[in-house]
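Rule-based calculations on the coordinates, nothing more; no lab input. For clarity, every value in this text was computed on a predicted model and none was experimentally measured. Reconstructed Cβ throughout: ideal geometry from the backbone, glycine too, with neighbour counts over all protein chains shown.
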Amino acid sequence: MTDIRRVRRGEDGYPEVLGSIADPPEALWVRGAIPGGVGVAIVGTRRATRYGLGLARELGAAVASRGWTVVSGLARGIDGAAHRGCVEAKGVGVAVLGSGVDVWYPKEHEELGESLIDRGGAVISEYPP
């Protein structure tokens, strides 16, 4: 397992754009590296149609092929499909979890999350491990 670190607001490594929202988290728990530059969020339903899953995968690949970071959850459905497209295009992605970064949910997306980290991206959460 990649080392887990905490990055507080105002410290190096805390996403500048996140610090500009109305109520940013005080700290993020991070596995991997949060890339700088342009990030594009692709999020949607867990109960996607086949068409929606295919489109999310294509969008993830298109964003990644331009050198932009795909930002999404790691949930079933649209989020996972967007990250799959990103990984297939050899891009960089950041998965934002609704649990600690030491918990893979859904479990079947563990390999996908590890692929994001291996490709230079990150898995992050505001929840401690």
Each residue of segment 30-38 in order: what ³J(HN,Hα) in whole Hz does its phi give by Karplus 6.51 cos²θ - 1.76 cosθ + 1.60, θ = phi - 60°, with x for Gly and Pro?
10, 10, x, 10, 7, x, x, x, 6
Restricting the count to DSSP beta bridges whose residues both fall in the chain, what percent are antiparallel, rounded to a multiple of 5?
50 percent
Which of the trypsin sites (Lys or Arg not before Pro) across segment 1-54 are loop residues per DSSP, with 13 or fewer other Cβ within 10 Å?
Arg9, Arg46, Arg47
Using only alpha carbon positions, build the gyration tensor of the chain, then give the equivalent ellipsoid semi-axes as the square roots of 5 times its eigenvalues, largest first, whole angstrom.
22, 16, 14
Under a GNM of the chain (C-alpha, springs under 10 Å), which listed residue has the highest mean-square fluctuation: Val92, Val17, Val43?
Val17
